[in-house]
Amino acid sequence: MKIRFAQLTTILFLLTSLNMFAQQRYGGLALYTVRDAMKTDAKATLKAIADSGYKYIEAAGYKDGKYYNMTPEEFKSFLKTLKLKPISTHQGDITYENADRMFSDAKKAGFKYFVIPVPPMGLFTHDNQSKKMGMTGGAQNLAEILNKMGKMAQKHKLKLLYHNHDFEFMKDANGIVTIDYLLENCSSKYVNFQMDLFWVTKAGADPIAYFKKYPKRFKIWHVKDMDDQGRFAPVGKGVIHFGKILKQQKLSGMNYYMVEQDNTYDNLDPLKAIKISHKGLKTFGFN
């Protein structure tokens, strides 16, 4: 009996340990962070992401009806084997003509949110020399496009989000702050937002002020830090006060957050950077 009791105790301890380990998986990763590794070996990279402790992902690799060379169904199935959940997908090359196909594929892959990462349909501008981003066509035009696409997404039971950079927080040639115009003129029934905390900070804007002015509109956050040179940094290795921002999660409407780091520096491998970020999340209270 003593031996059986000892064995049972050991089994319970192991099960508890495994459960504790499972509970350590939290947070999401934007796959744009590891885009080069995803091109080389998507499946091995996704396994490394799961092993690093992430629970869900945001895709950024849709092409010709496939996600990272996998059909939507294959992609969904493979993520399931790793216990990774598909939450959102960035697809900037969406148009009125291909939207239904894209929405359909996103739904098949198991995504809940479809994110437009930049002004679509040729409106986005990027100066390679100055690195400055912008857009043409004006805020009203963009709002009309997003509202129309949001209605199309809803038919596929997807939620449409628009992702910001820094230029949307600055006045355009007509004195309009694009993000403000979008928030005021895009119907919350069809269009909401993914706030990128790095780019808001880069623009000199206050995330919390936006949460207060436009509550419940920011369904996903991009969590990435900024070093003292204004560059991308792993979470916890920069100057952004995530703890203060996180306290306003409910006000903002945030349901998910994604670690993202557009570029790494000083020979830091992105797959190592995501491990540093995952540890950093815990220090701020992300779970």
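What whole number of Å gives the distance from the Cα centroid of the stretch 244-287 to the Cα centroid of the stretch 167-191? Using only Cα atoms to place each centre, the spacing works out to 26 Å.
Here the 3J(HN,Hα) profile of the stretch 243-253, calculated from phi with Karplus coefficients 6.51, -1.76 and 1.60 at θ = phi - 60°, is x, 5, 5, 4, 4, 9, 3, 5, 4, 6, x Hz, Gly and Pro shown as x.
Mean residue ellipticity at 222 nm from the helices of the chain, using -39,500 (n - 2.57) per DSSP H segment of n ≥ 4 over the full residue count, to the nearest 500 deg cm²/dmol?
Numbers: 12 runs with 120 residues, N = 287.
That calculation yields -12500 deg cm²/dmol at 222 nm.
With everything on Cα atoms, drop me the angle between helix 42-51 and the longest principal axis of the chain, reported from 0 to 90° to the nearest 10. Rounded to the nearest ten degrees, it is 60. Scaled against 2.2 N^0.38 Å for its residue count N, the alpha carbon radius of gyration of the stretch 80-145 is 1.37. Calculated translational diffusion coefficient of the stretch 169-258 (25 °C, 0.890 mPa s; Stokes-Einstein with Kirkwood radius over alpha-carbon pairs) equals 179 µm²/s. Straight-distance candidates among the aspartates and glutamates for linking to K189, with alpha-carbon spacing under 18 Å and chain neighbours fewer than 8 residues away dropped: E144, D180. In the elastic network of the chain, a GNM with C-alpha springs shorter than 10 Å, the most mobile of L268, L146, L161 is L268. Its residue count N fixes a reference of 2.2 N^0.38 Å for the stretch 35-160, and the Cα radius of gyration divided by that reference is 1.14. Within the same chain, lysines fewer than 8 places from K107 are excluded, and of the rest, those with a Cα less than 17 Å from its Cα are K63, K66, K76, K80, K85, K151, K155, K157, K159. Near the amide H of Q261, within less than 5 Å, lie the amide hydrogens of T33, all on another chain or at least 5 residues away, with H placed in the peptide plane. Cross-link check: pairs K83/K247; K212/K247; K216/K272 evaluated at a Cα-Cα cut-off of 22 Å; pairs beyond the cut-off: K83/K247; K216/K272.
Counting 0.36 nm for each residue step from K43 to K107 and taking away their Cα separation leaves a gain of 21.0 nm. On a per residue basis, the chain carries 52 Å² of accessible surface, using protein heavy atoms and a 1.4 Å probe.
How much length would be gained if the chain were fully extended between K148 and N255, taking 0.36 nm per residue of separation minus their Cα-Cα distance, in nm to one decimal?
Details: separation 107, 0.36 × 107 = 38.52 nm, distance 2.36 nm.
Taking 0.36 nm per residue and subtracting the Cα distance, the gain is 36.2 nm.
For G285, neighbours were defined as the other residues whose beta-carbon sits under 12 Å from its Cβ, and their charges (Lys and Arg +1, Asp and Glu -1) total +3.
To the nearest µm²/s, what D does Stokes-Einstein give for the stretch 245-287 at 20 °C and 1.002 mPa s, using the Kirkwood radius over alpha carbon pairs as Rh? Could you put the intermediate results ahead of the total?
On the way: Rh = 11.9 Å.
The Stokes-Einstein estimate is 180 µm²/s.
Quote the convex hull volume per residue of the chain, based on C-alpha atoms, as a whole number of Å³. Write down the numbers at each step before the final one.
On the way: hull volume 46.1 nm³, N = 287.
Hull volume over Cα atoms, normalised by residue count, gives 161 Å³.
The slack between D269 and Q129, meaning 0.36 nm per residue of separation minus the straight C-alpha distance, is 47.9 nm.
The values are calculated or read from the model by the stated rules, or taken from the named source; none is laboratory data. Keep in mind that this is a model prediction, so the values were computed, not measured. Note that each Cβ is placed from the backbone with ideal geometry, even for glycine, and that neighbours are counted across all protein chains shown. Note: areas computed on protein heavy atoms with side chains; ligands, DNA, RNA excluded. Shrake-Rupley method; radii C 1.70, N 1.55, O 1.52, S 1.80 Å.
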